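Let me begin by presenting the structure, written as structure tokens, before commenting on it.
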Amino acid sequence: MRAMHISSDHPLLTRIVDDLATHGWSQHDVFLPAALSAALAADCRRREAEGELAPAAVGRGQAQEVREGIRGDHIRWLEPGESEPCDQYLQLMDSLREALNRGLFLGLEDFECHFALYPPGAFYRKHLDRFRDDDRRMVSAVIYLNEGWLPEHGGQLRMSLKDGVEHDVQPTSGCLVVFLSGEVPHEVLPANRERLSLTGWFRRRGNEPF
Ligand code: OGA
Ligand code: MN
């Protein structure tokens, strides 16, 4: 597969930046090429089979604990250099990071991300992606990896927008959703089939003195 770096002034990225500036969120049903989505889904399934995914915890640092009544997904954090499809995804997200910095002056310095696998019945209760004691997460980006997803499968991402409006996203393969981490409460509804995604956060520098 070829390199996936795209220019930070690509119209697709510019649209995401404009959407975020005006609405605080953006959705693209066809963001990843189908071959890359399929390769990422296969990578996630291989890691699951090899025991690399673990139940996700809530909270941060010493207060972290697994609580399936809040979130029931299994995750694996990504590092560069682990697989070709993951590196392509990381390159694309880096182009998006540059576009966000150019257009919104957010000073985003890094990107942390994980595969997430929700077994049937698992969910993630309504939350914000910013921690009370750590406000470095600025922008959340979720990419879905599920072929042939139908509304009756459940598993929607439900975002709570302004004025009590709710917006549901179907977790279909190649779809990207981006939103301001500290401003859009959201939840993952239970599904009746396995649900795969790649979830990541663009972060600014922390306030630590050193
Ligand atoms: C999260 C999250 C949304 C999704 O991992 O914080 O909200 O649709 N994920 O998977
Ligand atoms: Mn979230």
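The values are calculated or read from the model by the stated rules, or taken from the named source; none is laboratory data. It should be emphasised that the depicted structure is a prediction, and the values quoted were computed from it without experimental measurement. Glycine also receives a Cβ, built like all others from the backbone with ideal geometry; neighbour counts cover every protein chain displayed. For the accessible areas, the whole protein counts, side chains as well, though only heavy atoms, and no ligand, DNA or RNA atoms are used. Shrake-Rupley method; radii C 1.70, N 1.55, O 1.52, S 1.80 Å.
Kindly check whether there is at least one residue in the stretch 97-107 that is polar (S, T, N, Q), part of a strand (DSSP E or B) and either in contact (Cβ under 8 Å) with a residue 40 or more places away in the chain or surrounded by 13 or more Cβ atoms within 10 Å (Cβ to Cβ) (or both).
No; the residues of the stretch 97-107 include none that is polar (S, T, N, Q), part of a strand (DSSP E or B) and either in contact (Cβ under 8 Å) with a residue 40 or more places away in the chain or surrounded by 13 or more Cβ atoms within 10 Å (Cβ to Cβ) (or both).
Can you work out which of the residues in the stretch 173-194 that are within 13 Å of ligand 1 (Cβ to nearest atom) and more than 13 Å from the chain's Cα centre (by Cα) is nearest to His23 (Cα to Cα)?
Val184
If a residue has to be under 23 Å from Gly69 (Cα atoms) and at pLDDT 95 or above to count, how many in the stretch 129-162 make the cut?
Selection size over the stretch 129-162: 12.
How many residues does the stretch 169-182 contain that are closer than 18 Å to Arg125 by Cβ and open to solvent by 10 Å² or more (accessible area, probe 1.4 Å)?
1
Please verify whether Asp163 is more than 10 Å from ligand 1 (Cβ to nearest atom), assigned to a helix (DSSP H, G or I) and open to solvent by 10 Å² or more (accessible area, probe 1.4 Å), treating the condition exactly as stated.
Yes: the conditions hold for Asp163.
Find the residue count for the stretch 75-86, including only residues that are touching a residue at least 24 places away in the same chain (Cβ under 8 Å) and open to solvent by 40 Å² or more (accessible area, probe 1.4 Å).
Number of matching residues: 3.
Answer yes if at least one residue in the stretch 116-133 is surrounded by fewer than 20 Cβ atoms within 10 Å (Cβ to Cβ) and without any contact (Cβ under 8 Å) to a residue 12 or more places away in the chain, and no otherwise.
Looking for residues that are surrounded by fewer than 20 Cβ atoms within 10 Å (Cβ to Cβ) and without any contact (Cβ under 8 Å) to a residue 12 or more places away in the chain, one finds at least one in the stretch 116-133, hence yes.
Any residue in the stretch 63-74 that is at pLDDT 95 or above and open to solvent by 20 Å² or more (accessible area, probe 1.4 Å)?
yes
Could you tell me how many of the residues in the stretch 140-168 are away from ligand 2 (no atom under 12 Å from the Cβ) and within 27 Å of Glu109 (Cβ to Cβ)?
Total meeting the criteria: 3.
Within the stretch 191-210, track down each residue that is open to solvent by 70 Å² or more (accessible area, probe 1.4 Å) and at pLDDT 95 or above.
Asn192 - this is the single residue of the stretch 191-210 that is open to solvent by 70 Å² or more (accessible area, probe 1.4 Å) and at pLDDT 95 or above.
With the structure loaded, tell me whether Asp110 is surrounded by fewer than 20 Cβ atoms within 10 Å (Cβ to Cβ) and assigned to a strand (DSSP E or B) or whether it fails that test.
Here the answer is yes, as Asp110 does meet what is asked.
Give the residues of the stretch 127-149 that are farther than 30 Å from Pro33 by Cβ and within 12 Å of ligand 1 (Cβ to nearest atom), sorted by residue number.
Listed by number, the residues that qualify are His127, Leu128, Arg130, Phe131.
What residue, among those in the stretch 106-139 that are charged (D, E, K, R) and under 13 Å from the mean Cα position of the chain (by Cα), is nearest to ligand 2 (Cβ to nearest atom)?
Selected residue: Asp129.
Regarding Val142, is this residue without any contact (Cβ under 8 Å) to a residue 24 or more places away in the chain and β-branched (Val, Ile, Thr)?
Criteria not met by Val142.
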